[in-house]
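Q: Quick one: structure below, then a few questions.
Computed from the coordinates by the stated procedures, all read-outs in this text should not be read as laboratory data. As the structure is a computational prediction, the values presented were derived from the model and not from experiment. Ideal geometry is used to build each Cβ from the backbone, glycine not excepted, and the neighbour counts take in all protein chains shown.
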Amino acid sequence: MIDDRLNQRIVACLRRNGRASNSEIAREVGLSEAAVRQRVKRLLDARVIRFRAVVNAAMLGIEVTYLIRAAIRPTRLEALARRLRILPPVAYISKTTGEYNALIAMAAPDEDFAELFIESWFANNPDILRYEFDRVRKVYKYDPDRSLITGVVDDFQSLDLPGDFFVKWREDTVMEKIENINDMEKANAVRIDL
């Protein structure tokens, strides 16, 4: 909860432009630059706000998205979720109710990669009782401000992953294409956002 009207106005400024300077915000809300800097720091420290880059996945070669519903042994769900959530193709994973107890959203450069990922993680895993998946054909609404996806762990290389193609996917498909953040912004492939 944002505790006062000035903080609400500061957050509104940052939502419109996550790269606004403290002096720009200060002019808009009627505070000193130092007061805005202090308030933004307190909001960050309290985890009321955070800064992130919102990436246009298609410009990075991420062409397909799949939704996977999985029935995972209840005693193994947390452990498997911890392993899956650090993999670059996995954009979202949650525990659900109903016939399937997990929902996973994954993004991939192409259908071949997606099938390889699904087969290697789901087909022969004794902890996964059954699964179904669908390819997303069209997105009618995506609002990152209301997204349930809350972060990605970058330090996944130290984990025991099945093979090295996930690391290769990350390096070849994503990291190699990010040469300069300014070039990315000019190409509208990344938006700095709050």
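Q: To the nearest 20 Debye, how big is the dipole of the stretch 1-84 about its Cα centre, given +1 on the beta carbon of each Lys and Arg and -1 on that of each Asp and Glu?
A: The dipole of the stretch 1-84 has a size of about 300 debye.
Q: While we're here: Can you figure out the FRET efficiency of ARG82 with ARG27, using R₀ = 41 Å and their beta-carbon distance, to the nearest 0.05? Working shown, then result.
A: Details: r = 45 Å, r/R0 = 1.10.
Result of the calculation: an efficiency of 0.35.
Q: Starting from the amide H of ALA91, placed 1.01 Å from N in the peptide plane, find each other amide H under 5 Å away whose residue is 5 or more places distant or on another chain.
A: Amide H neighbours of ALA91: ALA105, MET106, ALA107.
Q: In nm, to one decimal, how far is the modelled label at ARG73 from the one at THR96, with both set 7 Å along Cα→Cβ?
A: Calculated label separation equals 2.2 nm.
Q: Around LYS95, under 15 Å between beta carbons, what's the net of Lys plus Arg minus Asp minus Glu among the other residues? Show your work: numbers first, answer last.
A: Details: positive: ARG69, ARG73, ARG76, ARG82, ARG83, ARG85; negative: GLU78, GLU99, ASP127.
Net local charge, LYS95 excluded: +3.
Q: Could I ask something else about it? Could you work out how much longer the chain between ALA35 and ALA53 gets when fully extended? Use 0.36 nm per residue separation minus the Cα distance between them, nm to one decimal. Don't skip to the answer; put the middle values down first.
A: On the way: separation 18, 0.36 × 18 = 6.48 nm, distance 2.53 nm.
Extending this stretch completely gives an extra 3.9 nm.
Q: For GLY18, which sequence-distant residues (separation of 5 or more, or a different chain) have an amide H within less than 5 Å of its own amide H, given hydrogens modelled in the peptide plane?
A: LEU194
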